Amino acid sequence: MNIIIIGAGLVGSSLAEELSEDNDVVLIDTDYDLCNKLDNRLDVKVINGNGANIDVLNEAKVNEADFVICTTNNNELNILLSIIARSFGAKKTIARVKDVEYTSLFMNKKRSTSIDAIINPEIITAYKIIQLLFIPNSKNFTLLASDLIGFFEITLSKDNDFVGKAIKDCIFPKYTIIATIGRKDQIMVPTGDDVLHEGDKLILMGKRDNIFEIIKNMGLFDLKKILIIGGGTVGFYLAKYLEESHIDVKLIEKNEQRCELIASKLNNTIVINGDGTDLDLLKQENAFDYDVIISVTDNDETNLISSLLIKKMGAKKAIVRTNKYSYTNLYKILDIDFDVSPKLETIRAIKFYITTEFNSIVNINNNVEVVDFIANETMPIVKDKLKDLKLPARMIVGAIIRKGQIIIPRGSDKINAGDEVIIFTNIDEFEQVKKFIKG
């Protein structure tokens, strides 16, 4: 693919480096010294100039671009650059936008068709932390499709109601399916006739919010009290989601005006105006009594100090926001359980969005492929309902993403051209499934 990246900071340059392995990449930035440095280090075409300039865009061949990715530090500029790039012939555009109001506005495609994807680092960071809270072992929990769907692993005990039943006779939670079965040393994509055994490891897949609810209902989530330091966008979205999940949440924010604003928008979260590094305040608020401390201010030093203080006081777990990439290694040697970087999460989200027509995104124990593709009108699978298609035996359609909405399909559902589809298949049948889908 031909990819243009405008903005050569950490996000832009990292994307350019990773995407250049399989794509033709052009990197544009106004910083002359930075461009020279990256031109010597990266195997991409580097242009020193303004991404909104017609001559610069023509030099980058914007009319031939499959993607234009705008990653400058200016929200408005990224939006403007995306609109300009589309008007000059770019097929798709992606903009990094931190402002929540802009995100909401441009995610509504009825209002704008100039930007195909808005990546908000603050919101995806909040969801990443939620993921770590619910299932801290990332091997057992993964979010896909821009964090809209997820899958996780459970092991069937002998007293589980599913043991001894065929899958077609089991009643699963709404919007949830069994994607794979792990039995002894084998992992397989199941059929409806497969009988479940004690000790089977099932990977369940479903809508993100349903998955989180299932995890709680199955007793896999036992956190009751969470303390958040920092009431910015990340802290606010964390508090909002957690209080809706019936978890006791307390939030400490230094800015009094911000405290008043978020307190008016939250229903059950206790909002405290204060400094998250103030030891007297932390003792007064019984910080030691919380299961998890989440420090998500814009200041790395505040995040580190508050987390270490509260863990020393008795908190079980600490999660911090990392704004400086260089601090990541520091957290590993200190008593910090997880660190989450908005920049790295942004890179991950953008890379996920840029998929080929048929792309293997996850391999499970070298037995099962999780495949993501965009359906087009030439594919035979868009013609009929799933129940009327002669699908390969070991192929499961796990999810359909249509205009930002998730469908966990049943037999009566149909795949339309333009849908993003996620399937599971045994690795030894991968090529057969690929041929079936492409026709």
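The values are calculated or read from the model by the stated rules, or taken from the named source; none is laboratory data. Small disclaimer: the values here were computed from a predicted structure and weren't measured. Reconstructed Cβ throughout: ideal geometry from the backbone, glycine too, with neighbour counts over all protein chains shown.
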Sort through GLY235, GLY274, GLY231, GLY314 and tell me the only one that's modelled with pLDDT under 90 and of a type in the set (Gly, Ala, Ser). GLY314
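Between ASN303, ASN268, which is of a type outside the set (Val, Ile, Thr), assigned to a loop (DSSP other than H, G, I, E, B) and in the same structural domain as THR322 (by TED's automatic domain parsing)? Full working, then the answer.
Working: ASN303 fails: assigned to a loop (DSSP other than H, G, I, E, B).
Only one candidate passes the filter, namely ASN268.
Which one of PHE288, PHE358 is farther than 18 Å from GLU122 by Cα, touching a Gly at 6+ places or on another chain (Cβ under 9 Å) and modelled with pLDDT under 85?
Numbers: PHE358 fails: touching a Gly at 6+ places or on another chain (Cβ under 9 Å).
After applying the criteria, what remains is PHE288.
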Do any residues in segment 37-48 that are in the same structural domain as ALA16 (by TED's automatic domain parsing) have Cβ atoms under 8 Å from those of residues that are outside any helix (DSSP H, G or I) and polar (S, T, N, Q), where the two are at least six apart or on different chains, and which pairs are they? LEU42/SER20; ASP43/SER20; VAL44/SER20; ASN48/THR30
Check off (1) surrounded by 21 or more Cβ atoms within 10 Å (Cβ to Cβ); (2) touching a residue at least 24 places away in the same chain (Cβ under 8 Å); (3) closer than 26 Å to ILE119 by Cβ for THR322 and give me the number that stays unchecked. (2)
Tally of residues being under 20 Å from ARG348 (Cα atoms) and among the hydroxyl-bearing types (Ser, Thr, Tyr) across segment 78-103: 3
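Which one of ILE364, ILE374 is aliphatic (A, V, I, L, M) and at pLDDT 65 or above? Even if it seems obvious, please write down each step before you answer.
Numbers: ILE364 fails: at pLDDT 65 or above.
Step by step, each of ILE364, ILE374 is checked, and only ILE374 is aliphatic (A, V, I, L, M) and at pLDDT 65 or above.
Going residue by residue through segment 290-303, is there one that turns out to be farther than 20 Å from ILE130 by Cα and in contact (Cβ under 8 Å) with a residue 12 or more places away in the chain? Explain how you work it out, then say what you get.
So in segment 290-303, the residues farther than 20 Å from ILE130 by Cα come out as 299, 301-302.
Of the ones still in play, those that are also in contact (Cβ under 8 Å) with a residue 12 or more places away in the chain are 299, 302.
Yes, segment 290-303 contains a residue that is farther than 20 Å from ILE130 by Cα and in contact (Cβ under 8 Å) with a residue 12 or more places away in the chain.
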